[in-house]
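Before any comments, here is the structure.
Every number in this text was worked out from the coordinates using simple rules, so none of it is lab data. If you're wondering where the values come from, they're calculated on a predicted model, not measured in any experiment. Every residue, glycine as well, gets a Cβ built from its backbone with ideal geometry; the counts of neighbours run over all protein chains shown.
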Amino acid sequence: MKRTFPILGLLTAVLLSYALYAALELAPTEQTMGDVQRIFYYHVPSAWTAFILFTINFVASIVYLIKRNAKADALAVTTAEVGVVFCTIVLVTGPLWARPVWGIWWTWDVRLTSTLVLWLIYISYLILRRFSSSGQTPVIAATLAIFGALDVPLVYFSIRFFRTQHPQPVIGGGGSLDPAMGRVLLLNWLAFSCFAFLLCWSRYRLERLQRQVEETCAFNAMLEPRGSR
């Protein structure tokens, strides 16, 4: 275990570096938007990675509500935290791409607004987990996470069901994508997915260790004689 993580970390760093090189140098320049379109190779994989993490959070939250499984709850917290990181990348890279292409930083269409709502829901989830000391916090948080995950399909399908300024999907949505661009896109998604896995692995182990320490401290406190307190 101690050797596996550094090796995977090194391989992921190499993969991320090559994926960045591919996005900047190997991918062909888009004829209409030019080099600014290369943000696409970070914007889209970040969104896909966030969706996967929020879906795992959704499943883990359901498992916790049914079985009160502490490991499922720890996994839910972990994927929510890392998912918010990638969702933040989506919200930052989107306006950076939109400004030179659309002429505006932001517009309140369905895709952009629903993505912002998704981010706010999970930020609320993390604030609840961080600052609430109630014994019912995990249950309330799991319920909130399930509600938040329902926004993921809305974000994904919004540009299919509504008229939005956001461009149509280039994969699975009737759009066309240069094969070389598609390969670079999938390469970056693989790199982002590996990075997200390492972050979740590290954060999950930390969460479990922190809970074990808290349980041990609480147990020791119960064993202390009343007079020594």
Report summary line: Put in order of increasing Cβ neighbours within 10 Å, starting from the fewest, Arg208, Arg68 give Arg68, Arg208
Requested in this report: Enter the Cα centre distance for the pair region 1-52 and region 55-134, rounded to the nearest angstrom.
Outcome: 20
Query raised in the report: Rg to Rh for the chain: what is it, with Cα atoms only and Rh by Kirkwood?
Result: 1.06
Query raised in the report: Normalised by the number of residues in region 76-162, what is the relative contact order in percent for Cα pairs under 8 Å and 6+ residues apart?
Result: 34
Query raised in the report: By per-residue mean of other Cβ atoms within 10 Å, what is the highest-first order of 99-110, 81-92?
Result: 81-92, 99-110
Query raised in the report: At q = 0.19, 0.21 Å⁻¹, what base-10 log of I(q)/I(0) does the Debye formula yield for region 1-66 when every alpha carbon is treated as an equal point scatterer in vacuo?
Result: -0.89, -0.94
Requested in this report: Report, in degrees rounded to the nearest 10, the 0 to 90 angle that the Cα long axis of helix 110-131 makes with the longest principal axis of the chain.
Outcome: 20
Query raised in the report: In deg cm²/dmol, rounded to 500, what helix-only [θ] at 222 nm does the chain give when every DSSP H run of at least 4 residues adds -39500 (n - 2.57) and the total is split over its residues?
Result: -26000 deg cm²/dmol
Query raised in the report: If you average the sequence gap of Cα pairs under 8 Å that are 6 or more apart and divide by the length of region 1-153, what percent do you get for the contact order?
Result: 24
